[in-house]
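Working notes, structure below.
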Ligand SMILES: [Fe+2]
Ligand SMILES: [Fe+2]
């Protein structure tokens, strides 16, 4: 499964090779790629940030200098982007070229298919982070500590039931900037200990931002294992994938967006879209999803729900469902930037400052993402308008020009805010269909109603 967020660019006039890649649809879903026959065309693509080109493969047949002049030109604006030279006939190339004196990341000798290029992508982008080498940190255990809250990320207590020892240094938050360290990395983790915390009302354990990166890798591995286990139920799989998503969402909220985190988000999206497209889950009802969801993290749950709605609306391509998923994962980034502890469920009880933050968060979220760059325009627009509606009586929220992604995210957002954490009852459901869904375009209304009415799979 592709672990990089962005696209590869193949610059090659070898029709047979390029046509072969274009047929490898499954690989292309995981490792999106653009193709050009000429360097001129490639230069245009490289200029547009929306394509987010992370790796370039250039054929030596592209020009008289065998790609060397082109490499120099690429390096002017992109000193760090990996550039691989494809040589389809290495025996006919000049010796100096094959000695790679001019600084290609690597020279690929007669690659036969996309898999050969994908191996290089994996080598570059699969995170080498490992959690097994974390050592006990210097803070003393079981005493009150003054630590900067910004440096610690909450993780669900329930995440820690699966390993015999703690791989991380773990803290409990007592108040703003007040923590107590409860476990060193390497300490035994027993169920009773966790139960004691749970009984005391602890729902989250805290890990330092630095260790949290490794924690995400740990969750990635865990959910990959569970997804590959034929005996695991679809709900167990879903909850694990959501757990990964929620940890990624938390790290976006806590320490901003980075390419590395987007790569992890891409793994989450591959896994969640895989599950959504999976036959077993396809027939399962949205009600069952809402009832069985174990974690409550807003962004990951909205992302998953949005994927389900997109699938029901008839968005077929995995690429497009992933686009919905990433936009949904980031939809409230502006809100959490303004107020990290905001809860959308409590919209009615907001104070003046929270109201102001809420009013600004769509625009602010769009600004954060635009500054970050590398996303599709449709993502910026959907984040900027996820509270706007096509229909309804509220003129301040009415807009005809919002895109379908924004509508899908809006519907998923409302579903999560209204139903998660409470028992589903028929009155609520009826009101949602008759009132809330009437604000969306008929297409979305139909899709969500259908999802809600789906009978559970046998
Ligand atoms: Fe929002
Ligand atoms: Fe939201």
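A few remarks follow.
- Some residue of the stretch 363-373 being modelled with pLDDT under 90, more than 13 Å from ligand 2 (Cβ to nearest atom), part of a helix (DSSP H, G or I) and within 17 Å of the chain's Cα centre (by Cα): yes
- Within the stretch 168-256, strands (runs of 3 or more DSSP E) holding 1 or more residues that are free of Cβ contacts under 8 Å to residues at least 24 places away in the same chain: 170-175
- The combined condition, being under 27 Å from the mean Cα position of the chain (by Cα) and either surrounded by 15 or more Cβ atoms within 10 Å (Cβ to Cβ) or farther than 17 Å from residue 18 by Cα (or both), is fulfilled by residue 80.
- Evaluating residue 300 against the criteria (1) at pLDDT 90 or above; (2) surrounded by fewer than 17 Cβ atoms within 10 Å (Cβ to Cβ) leaves one unmet condition, (2).
- Any chance residue 447 is within 16 Å of ligand 1 (Cβ to nearest atom) and within 25 Å of residue 297 (Cβ to Cβ): no
- Residue 437 closer than 22 Å to residue 315 by Cβ, free of Cβ contacts under 8 Å to residues at least 60 places away in the same chain and part of a helix (DSSP H, G or I): yes
- Of the residues in the stretch 71-80, not one is assigned to a loop (DSSP other than H, G, I, E, B), in contact with a strand residue (DSSP E or B) (Cβ under 9 Å, 6 or more places away or on another chain) and touching a residue at least 60 places away in the same chain (Cβ under 8 Å).
- Residue that is modelled with the lowest pLDDT [pool: residues in the stretch 114-130 that are under 22 Å from residue 25 (Cβ atoms) and touching a strand residue (DSSP E or B) at 6+ places or on another chain (Cβ under 9 Å)]: 125
- For the stretch 381-403, taking the residues that are modelled with pLDDT under 95 and in a helix (DSSP H, G or I), the one that is farthest from residue 333 (Cα to Cα) is identified as 395.
- Of all residues in the stretch 48-65, those being part of a helix (DSSP H, G or I), under 25 Å from the mean Cα position of the chain (by Cα) and within 17 Å of residue 100 (Cα to Cα) number 0.
- Of all the numbered requirements in (1) outside any helix (DSSP H, G or I); (2) more than 24 Å from residue 264 (Cα to Cα), residue 415 misses one, and that requirement is (1).
- Test: residue in the stretch 420-437 that is within 16 Å of ligand 1 (Cβ to nearest atom) and either modelled with pLDDT of 95 or more or not assigned by TED's automatic domain parsing to the domain that holds residue 299 (or both): no
- Selection within the stretch 1-23: residues that are at pLDDT 95 or above and assigned to a strand (DSSP E or B). The member of this set that is nearest to residue 70 (Cα to Cα) is 11.
- Scanning the stretch 24-46 for residues that are loosely packed, with under 15 Cβ neighbours inside 10 Å and in a helix (DSSP H, G or I) gives 25, 26, 40, 41, 44.
- Scan of the stretch 359-374 for residues that are out of contact with any helix residue (DSSP H, G or I) (no Cβ under 9 Å at 6 or more places or on another chain) and over 19 Å from residue 254 (Cα atoms), ordered by number: 359
- Residue check, residue 402 within 16 Å of ligand 2 (Cβ to nearest atom), within 21 Å of the chain's Cα centre (by Cα) and touching a residue at least 12 places away in the same chain (Cβ under 8 Å): no
The values are calculated or read from the model by the stated rules, or taken from the named source; none is laboratory data. On a predicted model such as this, the values are computed, not experimentally measured, just so you know. A quick note on method: Cβ atoms are made from the backbone with ideal geometry, for glycine too, and the neighbour counts reach across all protein chains shown.
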